[in-house]
Amino acid sequence: MTERNASGESDALWAMGCGASAVVASACAALGTFLDAFLVARTQCYCLGGTNAGESFAGLVWVASRLIVFPVISFISLLAAFPVVLLAHLSWFADHGWLKAILTTLATIVSITGPVVTIVYDVATEGITGDCDPPWWPSWLPS
C-alpha cells in the first residue's frame, strides 16, 4: 500500500469537504425556514397594514408547508453542490490548494443558492401584494 492510498489526513479532508456542504444545507433548511416566514410575515403586515383571522390561518398553513419544502430545497441544493465537491477532490485539483479552495467555496455558494432564491421568490409572491413595494425591496426584483 502506498502512502497516497493510506487512510489518514486525506480522508479527514474528504469528509470535511462533504461535511461542510451538508452543514451548510442543514443550516439553510433550519434557519432559512424561519427567515422566510419572518420576512413574508413582515412584508404582508407592511403591505396589508395587518391581517385578519382568515389571513393569519392561511399564513399558518403556508408556514407549515414551508417546514416541508425548505429541507427538500436544501437537500436538492446539496445534491447540486456534490459534483463540485467531488471535482475539488480529484488529484489534479487536490494538488493545487488554491484551486481546491475556490471549488470548495463554489460548492458552498451552490448549497446556499436554492434556499436564497426560494426566500426571494416567497417574499415576492406571498409577501408583496398589489402595487405595494416595501422600502427595502430593490426595484430590480419582481414584486
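The values are calculated or read from the model by the stated rules, or taken from the named source; none is laboratory data. In this text, all values refer to a predicted model and were calculated from it rather than measured experimentally. Note that each Cβ is placed from the backbone with ideal geometry, even for glycine, and that neighbours are counted across all protein chains shown. Areas reflect the complete protein model, heavy atoms only, side chains present, ligands, DNA and RNA absent. Shrake-Rupley method; radii C 1.70, N 1.55, O 1.52, S 1.80 Å.
Could you please put V72, V123 in sequence from largest to smallest accessible area, using a 1.4 Å probe?
Solvent-accessible surface, decreasing: V72, V123.
Return one whole number: the accessible area per residue of the range 58-142 in Å², for a 1.4 Å probe.
59
W92 versus I76, label points 7 Å from Cα toward the beta carbon: distance in nm?
3.2
How high is the relative contact order of the range 38-143, in percent, with contacts defined as C-alpha pairs under 8 Å that are six or more residues apart?
The normalised contact order for the range 38-143 reaches 39 percent.
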